[in-house]
Amino acid sequence: MTQYYDQHLHTHHSFDSTESFENYLNKTDKQLVSTEHLDFKNPADEFKDSIPVFQVYNEEIAQLEATFERPILRGVEIGYVPSQDSQIKDFVSASPYDVLLLSTHQNGAIDFMDPIVRKMEQKRLITEYYEQMIQSVENMSHANILTHFDYGMRQLDITAEEYQKLAEPLLIELFKKTIDAGLAVELNAKSFVKYGNGHLYQYAIPLYISLGGSLFTLGSDAHVSEDYELGFNEMGSLLKENGVTQLATFNKQQLQLVDF
């Protein structure tokens, strides 16, 4: 029986990681997939294009597959910005990725993790952030996994009740579009554990389920191998408390459900 495996992690092919494939491969016997950053004009990287060079990436993976005698899946984390729509689609369609993560990191001017967002009025930030994320799902409906729905909230000190009051209508629209598009929703360990946003997931997961949502993934968002499968016990317990018994995996962008 297929085991569930971490579907969100980074190596040195991402701008913000120096980790090697070998360290992940030596840490787990499970299926390995890396999901490298794709962020054009990235505010978190001096507005450079933070993009994986697929030929170099693919060649390294092929060598590792031969050395370790096991398959490795190719993935990309798409940092979607509406003004970059054509550029993003051209890049993604040019390479045979196994899994497409869909993220909202930045708006072309600031990264939503920049401390400057703390100075923004919360309603404005939440509205701008989720309107952009909704647009990402509308325009990238062929993606596989919607990652860290709360990324833009990581810098905020906000309770679940305050978040619900400000975000729920937008979150309902986002989840409905995500369900219609067939994307899975990720529980992200960096948010859940490192940024203390577990309470937002405790609120949002039942909401997503109430709308008919059933596809979930767990992602550590590891940038170092020590964080592989970070938070899986806590996040898995939350899903089981809500009656979820299967998780979504993707290979050649095709869905397979596995028990966990």
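The values are calculated or read from the model by the stated rules, or taken from the named source; none is laboratory data. What you see is a predicted model; the values in this text were computed from it and never measured. Reconstructed Cβ throughout: ideal geometry from the backbone, glycine too, with neighbour counts over all protein chains shown. When the accessible area is computed, the model is the full protein with side chains, heavy atoms only, and any ligands, DNA or RNA have been set aside. Shrake-Rupley method; radii C 1.70, N 1.55, O 1.52, S 1.80 Å.
With the structure loaded, tell me whether LEU255 is touching a residue at least 12 places away in the same chain (Cβ under 8 Å), open to solvent by less than 60 Å² (accessible area, probe 1.4 Å) and aliphatic (A, V, I, L, M) or whether it fails that test.
Spelling it out, it is not the case that LEU255 is touching a residue at least 12 places away in the same chain (Cβ under 8 Å), open to solvent by less than 60 Å² (accessible area, probe 1.4 Å) and aliphatic (A, V, I, L, M).
Could you grab me the full set of residues in the stretch 91-103 that are open to solvent by 10 Å² or more (accessible area, probe 1.4 Å), of a type in the set (S, T, N, Q) and outside any helix (DSSP H, G or I)?
SER95 - this is the single residue of the stretch 91-103 that is open to solvent by 10 Å² or more (accessible area, probe 1.4 Å), of a type in the set (S, T, N, Q) and outside any helix (DSSP H, G or I).
Residue-wise test of (1) farther than 23 Å from ASN144 by Cβ; (2) charged (D, E, K, R); (3) loosely packed, with under 14 Cβ neighbours inside 10 Å.
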residue	(1), (2), (3)
GLN7	no, no, no
THR11	no, no, no
ASP16	no, yes, yes
GLU22	yes, yes, yes
GLN31	no, no, no
GLU36	no, yes, no
ASP39	no, yes, no
ASP45	yes, yes, no
SER50	no, no, no
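Say whether the condition of being surrounded by fewer than 20 Cβ atoms within 10 Å (Cβ to Cβ) and among the small types (Gly, Ala, Ser) is met by at least one residue in the stretch 159-173.
Checking the stretch 159-173: at least one residue is surrounded by fewer than 20 Cβ atoms within 10 Å (Cβ to Cβ) and among the small types (Gly, Ala, Ser).
Mind listing just one residue for me: the one in the stretch 230-252 that is of a type in the set (S, T, N, Q) and over 18 Å from HIS199 (Cβ atoms) and, of those, least open to solvent (accessible area, probe 1.4 Å)?
THR249
Inside the stretch 104-130, can you point out the residues that are surrounded by 15 or more Cβ atoms within 10 Å (Cβ to Cβ), in contact (Cβ under 8 Å) with a residue 24 or more places away in the chain and within 16 Å of LEU170 (Cα to Cα)?
THR104, GLN122, LEU125, ILE126, THR127, TYR129, TYR130
Only one of ILE110, ILE126, ILE179 is more than 18 Å from LEU238 (Cβ to Cβ) and either acidic (Asp, Glu) or in contact with a Pro (Cβ under 6 Å, 6 or more places away or on another chain) (or both); which?
ILE110
Can you pull out every residue in the stretch 131-156 that is among the small types (Gly, Ala, Ser), over 15 Å from PHE192 (Cα atoms) and crowded, with 21+ Cβ neighbours inside 10 Å?
Within the stretch 131-156, SER136, ALA143 meet the criteria.
Within the stretch 62-81, track down each residue that is over 18 Å from PHE91 (Cβ atoms) and either open to solvent by less than 40 Å² (accessible area, probe 1.4 Å) or among the charged types (D, E, K, R) (or both).
So the first thing to find is which residues in the stretch 62-81 are over 18 Å from PHE91 (Cβ atoms), and the list is 62-73.
Scanning the stretch 62-81 gives LEU64, GLU65, GLU69, ARG70, ILE72, LEU73.
This table checks each residue for (1) part of a helix (DSSP H, G or I); (2) in contact with a strand residue (DSSP E or B) (Cβ under 6 Å, 6 or more places away or on another chain).
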residue	(1), (2)
HIS12	no, no
ASN23	yes, no
ALA44	yes, yes
ASN58	yes, no
ALA66	yes, no
ARG70	no, no
GLU77	no, yes
SER86	yes, no
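Determine if the stretch 138-145 includes at least one residue that is at pLDDT 95 or above and part of a helix (DSSP H, G or I).
Checked the stretch 138-145: at least one residue is at pLDDT 95 or above and part of a helix (DSSP H, G or I).
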